[in-house]
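Encoded as structure tokens, the structure appears first; notes follow it.
Where a number appears in this text, it was derived from the coordinates with a stated rule and is not lab data. The model shown is predicted, which means the values in this text are computed figures rather than measured ones. All Cβ positions, glycine included, derive from the backbone under ideal geometry; neighbour counts span all protein chains shown.
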Amino acid sequence: MRVAILTISDSVSRGTNKDVSGPAVREKCVQLGWDVVSEGILPDEPADIRERLISLEEGAAVDLILTTGGTGIGPRDSTPEATMAVCTKLVPGISELMRAEGRKKTPRAVLSRAIAGVRGRVLIINLPGSPRGAVESLDAVADLLPHAIQIIGGARHD
């Protein structure tokens, strides 16, 4: 599976904080045997996020886009809205499962507004901005993703 990882963070994009979530997600993807083909850092700017998601999908080089950050309830958190704007189908079960599993570890997991959706033949999943939350959320759904990608690509549901 070909994966793109986008870290969404004003402070990381400005260079005032180090990206720790993107590398944590990358490490998990590598452990799962997935091919990380693209990584990037963007500020919490909806237009920038939408543009990059569209560009990655239209480039036809990825099956899965994982974003980390911008999913909370802070004033600048806008990743779910930007993702929703570019998706043609939402897959609420993925984000519901991530929150349900996260809630077993911290009640704050319910504050995540992460979504998952499809654009073209690409699955886009928002992960929390903390390294632990991002990896735990990915762990919660990782087993489902290869099948989801196959279905998006036109495989039968058998």
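Summary of values
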read-out	value
Top of R119, R14, R132 by mean-square fluctuation, Gaussian network on the chain, Cα under 10 Å	R14
Long-range amide H partners of G70 with built H, under 5 Å	G129
Rounded if a/c under 1.5, otherwise prolate or oblate - the range 63-105, Cα gyration tensor axes	oblate
Within-14-Å neighbourhood charge of R76 [Cβ basis; K, R +1; D, E -1]	-4
29 Å tail of the calculated P(r), the chain, as % of Cα pairs	8 percent
Cα shape, the range 35-91, gyration tensor, a/c 1.5 rule	prolate
